[in-house]
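**Student:** Pasting a structure below so you can have a look.
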Amino acid sequence: MTEPDAVPSENAHRPDGDSAEKPQKPRGRRILTRIAIGVPVTAVVLAAGLYAATAVLDIPSPPTLARLLTDAPSGQGQLYPARPVAASPNQRPFPVADAPLPDTVPWKGTQIPVADFLEATDTNAFLVLRDGVLTHEWYRDGVGPTTQMASWSMAKSVVSLMIGREIEAGKLSEDDRLVDILPDLATGDEYDAVTIRNLLDMTSGIDVSENYNPYFPLTGTARMYLTQDLGEFVRDHRGLQFPPGSEGEYRSVDTQLLGQVLAEVEGTSLTELLQRDIWAPMGAQDAATWNLDRDGGEEKAFCCINATTRDFAKIGQLVLDGGIAHGTQIVPPAWIARVTSPAPHQVSSWGYSAQWWHPIGGDGQDLSAIGVYGQFIYVDPGTGTVIVKLSDHGAEQDEQETFDVMRAIAAFR
């Protein structure tokens with residue numbers, strides 16, 4: 001009997017019954033055939049392993065991870081589940097009166113045209129309000145007034161306004177301990193001392209590194225961004241880097257915990273709170289979304305509101321106007337005073353207060369919501385200016401230089 005892998009003898013019968021010598025494939029062709037079969041099989045095995053690994057790690061599937069490495073940051077909100085935020089039933093467009101920008105702006109020791117600045121910083125949208133009037137609006141090709149773009153960490157500043165409302169209503173205090181509101185997080189050690197104030201001012205000390213490297217996605221904030229179970233993530237990360245309240249260090253996990261506090265106190269989702277308490281009364285013109293960790297899950301409070309440039313501008317105008325929109329006090333005056341006054345501890349050498357940045361330089365009055373990859377809602381009370389810049393730039397690239405430009409534009413008359 002011939003062994004299964006043996007070469008047939010000269011007298012072996014062909015399938016059609018004729019006795020003849022069976023032609024043999026050249027050795028090179030046989031090797032190529034095995035490779036042609038083996039490569040797809042190996043790819044299938046590796047793909048199966050990757051799918052299994054992402055399931056175990058509770059992060060998005062390999063195709064989504066691949067798109068996170070290739071898609072522009074401004075559109076990554078489309079890759080995650082989200083809850084919708086309806087446009088306001090009383091939409092309030094800004095009045096429009098075109099006004100010129102300066103011919104040039106300061107940029108890294110020289111002066112360049114505004115158009116060159118927008119190109120150099122990979123800008124998608126750029127909008128200027130002066131005293132509540134829309135005086136300049138620019139979009140790159142493929143983007144327009146109704147295009148939703150990712151907020152990234154500008155969402156933190158929106159969460160702050162929602163927290164301020166809860167404090168004014170007496171439902172929350174800055175001195176409240178986190179674990180008194182979310183007792184499942186209690187550890188019996190120093191973590192239990194973290195307060196709402198610590199979370200607001202980035203002084204909690206919670207040890208979750210602010211890592212944005214897409215090639216090392218399983219640590220720190222990158223891991224929190226990918227997880228499909230934010231509740232489990234915060235439970236698994238209750239170590240401290242320093243005692244709460246002793247110093248400032250930027251930690252996105254602080255805002256995620258504030259989001260969980262809001263949801264617990266109000267008994268509803270952050271999306272519902274945003275729509276009810278901010279979006280509708282401020283007269284938002286367009287719908288928005290807030291990304292979740294999974295279908296039907298929890299909002300990524302530290303990032304990931306997807307909205308139009310004009311509605312991001314309404315957030316800035318709301319702060320500039322002392323929390324009032326269209327005659328209604330939406331955010332308490334005391335909270336506007338809180339966010340516009342830097343807290344005792346600096347964060348990354350800049351002033352910081354209740355999730356709003358106070359960049360160095362300028363007249364000391366201006367403040368901003370900032371998101372990674374070049375997202376800004378800049379507010380300058382001294383000149384009555386709000387500027388929104390949405391970009392696909394480097395992770396934290398040219399931020400101080402961008403403020404120099406926005407300050408020059410705000411001062412131009």
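The values are calculated or read from the model by the stated rules, or taken from the named source; none is laboratory data. Computed from a prediction, not measured in an experiment: that's the story for all the values here. Heads up, the Cβs are rebuilt from the backbone with ideal geometry, glycines too, and the neighbour counts pull from every protein chain shown.
Let's see how each residue does on (1) out of contact with any Asp or Glu (no Cβ under 6 Å at 6 or more places or on another chain); (2) within 30 Å of Glu401 (Cα to Cα); (3) crowded, with 20+ Cβ neighbours inside 10 Å:
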| site | (1), (2), (3) |
| --- | --- |
| Thr308 | no, yes, yes |
| Ile324 | yes, no, no |
| Pro332 | no, no, no |
| Gly361 | yes, yes, no |
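**Student:** Now for a different question. For Leu185, are the conditions met, namely being surrounded by 21 or more Cβ atoms within 10 Å (Cβ to Cβ) and modelled with pLDDT of 95 or more?
**Tutor:** The answer is no for Leu185.
**Student:** Ok, one more. Can you confirm whether segment 115-128 contains a residue that is closer than 22 Å to Val386 by Cβ, in a loop (DSSP other than H, G, I, E, B) and either at pLDDT 95 or above or not assigned by TED's automatic domain parsing to the domain that holds Leu270 (or both)?
**Tutor:** yes
**Student:** Would it be correct to say that Tyr352 is touching an Asp or Glu at 6+ places or on another chain (Cβ under 7 Å) and closer than 24 Å to Ser246 by Cα?
**Tutor:** yes
**Student:** Then there is this: If we scan segment 346-361, do we find a residue that is under 30 Å from Gly75 (Cβ atoms) and modelled with pLDDT under 95?
**Tutor:** yes
**Student:** Next up: Within segment 122-148, track down each residue that is hydroxyl-bearing (Ser, Thr, Tyr) and either over 30 Å from Gln397 (Cβ atoms) or buried (at least 21 other Cβ atoms within 10 Å of the Cβ) (or both).
**Tutor:** Thr123
**Student:** Residue by residue through segment 184-206, note down the ones that are charged (D, E, K, R) and touching a strand residue (DSSP E or B) at 6+ places or on another chain (Cβ under 7 Å).
**Tutor:** Hits for segment 184-206 are Glu190, Asp192, Asp201.
**Student:** Among the residues of segment 379-398 satisfying the criterion of being within 13 Å of Ser151 (Cα to Cα) and in contact with an Asp or Glu (Cβ under 9 Å, 6 or more places away or on another chain), which is surrounded by the fewest Cβ atoms within 10 Å (Cβ to Cβ)?
**Tutor:** Asp392
**Student:** Evaluate segment 88-96: report whether one residue or more is outside any helix (DSSP H, G or I), exposed (fewer than 14 other Cβ atoms within 10 Å of the Cβ), in contact with a strand residue (DSSP E or B) (Cβ under 7 Å, 6 or more places away or on another chain) and at negative phi.
**Tutor:** Looking for residues that are outside any helix (DSSP H, G or I), exposed (fewer than 14 other Cβ atoms within 10 Å of the Cβ), in contact with a strand residue (DSSP E or B) (Cβ under 7 Å, 6 or more places away or on another chain) and at negative phi, one finds at least one in segment 88-96, hence yes.
**Student:** Report, by residue number, each residue of segment 79-99 that is in contact (Cβ under 8 Å) with a residue 60 or more places away in the chain and under 21 Å from Arg140 (Cβ atoms).
**Tutor:** Phe94
**Student:** Any residue in segment 158-177 that is among the aliphatic types (A, V, I, L, M) and farther than 17 Å from Pro332 by Cβ?
**Tutor:** no
**Student:** Restricting attention to segment 162-180, does a residue exist that is at pLDDT 95 or above, assigned by TED's automatic domain parsing to the domain that holds Ala334, crowded, with 23+ Cβ neighbours inside 10 Å and small (Gly, Ala, Ser)?
**Tutor:** yes
**Student:** Of everything in segment 273-289, what is under 19 Å from Leu318 (Cβ atoms) and outside any loop (DSSP other than H, G, I, E, B)? Give them in sequence order.
**Tutor:** Leu273, Leu274, Gln275, Arg276, Asp277, Ile278, Trp279, Ala288
**Student:** Name the single residue that is farthest from the chain's Cα centre (by Cα) among those in segment 135-192 being over 25 Å from Leu274 (Cα atoms) and in a strand (DSSP E or B).
**Tutor:** Thr135
**Student:** Take Ser151 and decide whether it is among the polar types (S, T, N, Q) and surrounded by fewer than 24 Cβ atoms within 10 Å (Cβ to Cβ).
**Tutor:** Judged against the criteria, Ser151 is not a match.
**Student:** Determine if segment 223-231 includes at least one residue that is over 20 Å from Trp152 (Cβ atoms) and either in contact (Cβ under 8 Å) with a residue 24 or more places away in the chain or within 17 Å of the chain's Cα centre (by Cα) (or both).
**Tutor:** Taking every residue of segment 223-231 in turn, at least one turns out to be over 20 Å from Trp152 (Cβ atoms) and either in contact (Cβ under 8 Å) with a residue 24 or more places away in the chain or within 17 Å of the chain's Cα centre (by Cα) (or both).
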